[in-house]
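Mind looking over this structure? Questions follow.
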Amino acid sequence: MPTSAPTSSEAPLTPPVPLSALLGEQALGLRRLAGPARAEVHGVHASEMADPSPYLLGGELLLTAGAGLMEPEADVRHPGGSAPAAGPLVQEGSAAREHPAGPADAYVRRLVASGAAALGFGVAPLHAEVPPELAAACARHGLPLLEVPPRTPFTAVARAVGRLMAEARTRELRRVTEAQQSLAAAAARPDPVPAVLRRLAAGLGGWAVLLPPPTPTAPPAPAPPAPAVRDVLFAGGEPPEEVFGGLVALAGRVAPGAAATATGAVAGTQLSAYALGGGHVLGVAAPERAPGDHTIASVAAVLLTLLTARRAPGTGEAAALTRLLLDGDAAGALAPGPWHVVHARGSGDPQTLAAALGTVLLDPEGPTARLLTDREPAPQPGWRLGVSAPAAPAELRTAQAQARRALERAEAARTPLVRHTGDGLSGLLDPAEARAHAEALLAPLNRAHAQTLRAWLAHHGSWDRTAATLGIHRNTVRQRIARAAALLARDLDDPDTRMELWFALRTLDTEDNPPVT
């Protein structure tokens, strides 16, 4: 099985432009005259040099008007200094016949050797048409040849390639982001390892294989070697025997102490292997390898390393991951949600609690266990739970504070579970406690006094607007507010008093006691 050297580098996340996409730009009017129909363009370079190959990195669409193309070169002259007589061109597919190495043939050979993706020839002002010998040379050496019409500037071709590459990069970044989010969501499932493998296989359009640590006493075996198929987790179906054998062989190159990743190919399938903790290896096989696939597989490898680690609660990487998500920036690592942050205290096993809540995202360190789940939490025996409001990944810091306060209320009320029920000041207090305080504070007032006081506070102490809202005379408003102040024994000009009364009145707003504004 041919394999590349193990590597930890990542391919640029900018996909090349397929030649077919460039030919599909009708405004350019490009036409393929010779060479393969498939090619990948990584950039554009224009040159009228007789030999531009030293200035090419590989993957370029070289644009030329043929100014120096047909000049004879020293390395193809006869000893006397004269150029060889032109002979008949070899037709495409007849490479077995001898043909003279003319300037066009040498030019194309050098472009192919430098890795050029395609050649674009601008018709006019130097050539009325693409030289037939150039088309024949491109056909012989497998270099796509495009005709650029007179009305199309080379700059327009370059801009089109740049735009297509930017669009492809945006699509690839979106694909990678969505794949990362789906992998993180899969890691929070009750059976996370198979879920992550399935998401990875679906995201890459191939197979994902989790290979167990090798058995130390097992002798080397021919491909497909140990481990046995029954010890392997597959996703995307079981790959062909040759592909599976290639993955197992590649996994041997990322054993402990070797490289972290390795790539290869077998039977037209692209292979990758990623070393995980504890001797496990993640193998990935797909028909093609896109620029973002390495990033996606690397995220899966990190998650699988956490999920397969055998560590005591509180010291494993899963706790570190949970701390990272809750205390750091989880916006790029989690699916949109909604997510619930749970703070828990009790005498049970935190791992059992996490399984009951449908998550592996658990930080059990300290007296309070912190969990992150995309399921609606329910009360659990032996635990007091504080649950945040549903939150997006970017809102987890706020959700943390909500869960902490909810747990404090659950312990104060000795109830199994308290959920965060609102934002603002009301969200900081237990609803039952807030209502009891409001009822005690406003007990001296009758319904008319309470409604008048609420309307007066809502209109910032305006007598006229309060009277208009309630449909009563402004003097009646004055009398009721004065009476309310006396009954409450409070100074209604004090901002703190107004705030406390407003909060109490809002707390008691019900269908039987609707707000009056």
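The values are calculated or read from the model by the stated rules, or taken from the named source; none is laboratory data. The shown structure was predicted, so the numbers you read here are calculated from the model rather than taken from an experiment. All Cβ positions, glycine included, derive from the backbone under ideal geometry; neighbour counts span all protein chains shown.
Considering only the stretch 410-430, I want to know if a residue exists there that is buried (at least 20 other Cβ atoms within 10 Å of the Cβ), within 24 Å of ALA504 (Cβ to Cβ), within 36 Å of the chain's Cα centre (by Cα) and hydrophobic (A, V, I, L, M, F, W, C).
Checked the stretch 410-430: at least one residue is buried (at least 20 other Cβ atoms within 10 Å of the Cβ), within 24 Å of ALA504 (Cβ to Cβ), within 36 Å of the chain's Cα centre (by Cα) and hydrophobic (A, V, I, L, M, F, W, C).
Let me ask something additional. Has the stretch 166-180 got any residue that is of a type in the set (Asp, Glu) and closer than 30 Å to PRO125 by Cα?
no
Does THR177 fit the bill of being touching a residue at least 40 places away in the same chain (Cβ under 8 Å) and either of a type outside the set (A, V, I, L, M) or not in a loop (DSSP other than H, G, I, E, B) (or both)?
The answer is yes for THR177.
Name every residue in the stretch 459-469 that is buried (at least 18 other Cβ atoms within 10 Å of the Cβ) and aliphatic (A, V, I, L, M), in order of residue number.
Scanning the stretch 459-469 gives a single hit, ALA467.
With respect to VAL477, is the statement that it is modelled with pLDDT under 85, surrounded by 12 or more Cβ atoms within 10 Å (Cβ to Cβ) and farther than 30 Å from PRO379 by Cβ true?
Considered against the rule, which asks whether it is modelled with pLDDT under 85, surrounded by 12 or more Cβ atoms within 10 Å (Cβ to Cβ) and farther than 30 Å from PRO379 by Cβ, VAL477 comes out as no.
Then there is this: Are any residues in the stretch 385-406 of a type outside the set (S, T, N, Q), buried (at least 23 other Cβ atoms within 10 Å of the Cβ) and in contact with a strand residue (DSSP E or B) (Cβ under 6 Å, 6 or more places away or on another chain), and if so, which ones?
LEU385, GLY386, VAL387, ALA399, ALA403, ALA406
Additional query: When the residues of the stretch 290-325 are filtered to those that are hydroxyl-bearing (Ser, Thr, Tyr) and modelled with pLDDT of 80 or more, which remaining residue is surrounded by the most Cβ atoms within 10 Å (Cβ to Cβ)?
It comes out as THR295.
Also: Pick from PRO287, PRO219, PRO225, PRO240: which is modelled with pLDDT of 85 or more and over 28 Å from ALA184 (Cβ atoms)?
Result of the check over PRO287, PRO219, PRO225, PRO240: PRO240.
Residues of the stretch 262-279 being under 18 Å from ALA297 (Cα atoms) and modelled with pLDDT of 80 or more, which ones?
Within the stretch 262-279, ALA262, THR263, GLY264, ALA265, THR269, GLN270, LEU271, SER272, ALA273, TYR274, ALA275, LEU276 qualify.
Is it the case, given these coordinates, that VAL17 is assigned by TED's automatic domain parsing to the domain that holds VAL130, touching a helix residue (DSSP H, G or I) at 6+ places or on another chain (Cβ under 7 Å) and surrounded by 18 or more Cβ atoms within 10 Å (Cβ to Cβ)?
no
Quick one: GLY366 ticks every box in (1) at pLDDT below 85; (2) on the phi < 0 side of the Ramachandran plot bar one, so which box is it?
Every condition holds for GLY366 apart from (2).
Condition first: in contact with a Gly (Cβ under 8 Å, 6 or more places away or on another chain), of a type in the set (A, V, I, L, M, F, W, C) and crowded, with 24+ Cβ neighbours inside 10 Å. Now tell me which residues in the stretch 198-210 satisfy that.
The answer is TRP207, ALA208, VAL209.
Just one of ALA443, ALA450 is out of contact with any Lys or Arg (no Cβ under 9 Å at 6 or more places or on another chain), crowded, with 17+ Cβ neighbours inside 10 Å, outside the structural domain of ALA403 (by TED's automatic domain parsing) and modelled with pLDDT of 90 or more; which is it?
ALA450
Take the residues in the stretch 143-193 that are in contact with a Lys or Arg (Cβ under 6 Å, 6 or more places away or on another chain) and more than 24 Å from GLY66 (Cβ to Cβ); name whichever of them is surrounded by the fewest Cβ atoms within 10 Å (Cβ to Cβ).
The qualifying residue surrounded by the fewest Cβ atoms within 10 Å (Cβ to Cβ) is SER182.
If you take the residues in the stretch 496-510 that are under 46 Å from the mean Cα position of the chain (by Cα) and more than 14 Å from HIS437 (Cβ to Cβ), which one is modelled with the highest pLDDT?
By that ranking, first place goes to ASP509.
Name the residues in the stretch 114-142 that are surrounded by fewer than 19 Cβ atoms within 10 Å (Cβ to Cβ) and among the small types (Gly, Ala, Ser), would you?
Of everything in the stretch 114-142, those that are surrounded by fewer than 19 Cβ atoms within 10 Å (Cβ to Cβ) and among the small types (Gly, Ala, Ser) turn out to be SER114, GLY115, ALA124, ALA128, GLY142.
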